[in-house]
Every structure is written in structure tokens, then in C-alpha cells.
Amino acid sequence: MVTVLTVVDTPTISPAHYMDRLRKYTYPLPDVLDHALHLTRRLSRRTPVDEMEMHRALLGCFFIASKVLEDDTFTLQYMARVGGVSCPDLVEIERFIIDILEWDVSVPY
């Protein structure tokens, strides 16, 4: 199935290195990383996410987690640049994930 997570070109870095990149350029709170990974797991339980789509799923979940947990978050433009996507793509990724999760972006701690 084609979704906003679907990519045309194969990513040149692994999902783990992609997460390292997000962490390097955004220096998030540790809870943001945990929250993002929890959201990614929940997302993958509700819709298939393959290795090619994982980068966009991680970016969207990371961006959502950052918005939920941090008082001061990076702009859409900055996050899109760090994630290697366009601003409209990041908006669509975020909207897709929130819809799939039925707006439940909370994580029990």
C-alpha cells in the first residue's frame, strides 16, 4: 500500500543511523526518544511499516514526541531539513501518523 511514508529512493543510511542524526541535530530530552520509539511501535502495530518507510515513521514520531514533551521545539522547516524531507511532506507524515494513532499520542510511564 502506498502511503506518505512510502519512499521512491532507498535511504542511504540505516534507521539506527537516522535516529542518531535526529539526536545529533536536535539534542532532545531522553524522554523524547523513548516517546518517539513507543509511538513508532504503536504505529507499526496499526499499519505496515517496512524498512524503507521506517525513516519517515521515525521522523514523524520524533517530531510529534518533541511537540508533546518539550516546551520549546524546533520549527517545521528545521525538522524537515534535518530529516531530509520537504515541509509539506513532514506535515503530511505528521497528519498520517496522528490519524493512524487516532490522536492518542500519549505514552504511559
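The values are calculated or read from the model by the stated rules, or taken from the named source; none is laboratory data. The structure displayed is predicted, hence computed values, not measured ones. All Cβ positions, glycine included, derive from the backbone under ideal geometry; neighbour counts span all protein chains shown.
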Looking only at the range 51-72, decide whether some residue is farther than 13 Å from P15 by Cβ, without any contact (Cβ under 8 Å) to a residue 40 or more places away in the chain, surrounded by fewer than 20 Cβ atoms within 10 Å (Cβ to Cβ) and touching a Ser or Thr at 6+ places or on another chain (Cβ under 6 Å).
-> yes
Look at L5 and say whether it is assigned to a loop (DSSP other than H, G, I, E, B), buried (at least 17 other Cβ atoms within 10 Å of the Cβ), touching a residue at least 24 places away in the same chain (Cβ under 8 Å) and not hydroxyl-bearing (S, T, Y).
-> yes
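Rundown of residues vs (1) under 12 Å from the mean Cα position of the chain (by Cα); (2) within 17 Å of V2 (Cα to Cα); (3) at pLDDT 95 or above, yes/no style:
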position	(1), (2), (3)
A16	no, no, no
L39	yes, no, yes
L43	yes, yes, yes
D71	no, no, no
Y78	no, no, yes
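For every residue, the table says whether it meets (1) at pLDDT 95 or above; (2) part of a helix (DSSP H, G or I).
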| site | (1), (2) |
| --- | --- |
| D31 | no, yes |
| V49 | no, no |
| M52 | no, no |
| A65 | yes, yes |
| F96 | yes, yes |
| D99 | yes, yes |
| D104 | no, no |
Pull up the range 20-29, narrow it to residues that are touching a residue at least 40 places away in the same chain (Cβ under 8 Å) and assigned to a helix (DSSP H, G or I), then point me to the one that is surrounded by the most Cβ atoms within 10 Å (Cβ to Cβ).
-> L22
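Restrict the check to the range 78-89 and report whether at least one residue is assigned to a loop (DSSP other than H, G, I, E, B) and surrounded by fewer than 14 Cβ atoms within 10 Å (Cβ to Cβ).
Step one: filter the range 78-89 for residues assigned to a loop (DSSP other than H, G, I, E, B), giving 84-86.
Of the ones still in play, those that are also surrounded by fewer than 14 Cβ atoms within 10 Å (Cβ to Cβ) are 86.
So far as the range 78-89 goes, yes, one or more of its residues are assigned to a loop (DSSP other than H, G, I, E, B) and surrounded by fewer than 14 Cβ atoms within 10 Å (Cβ to Cβ).
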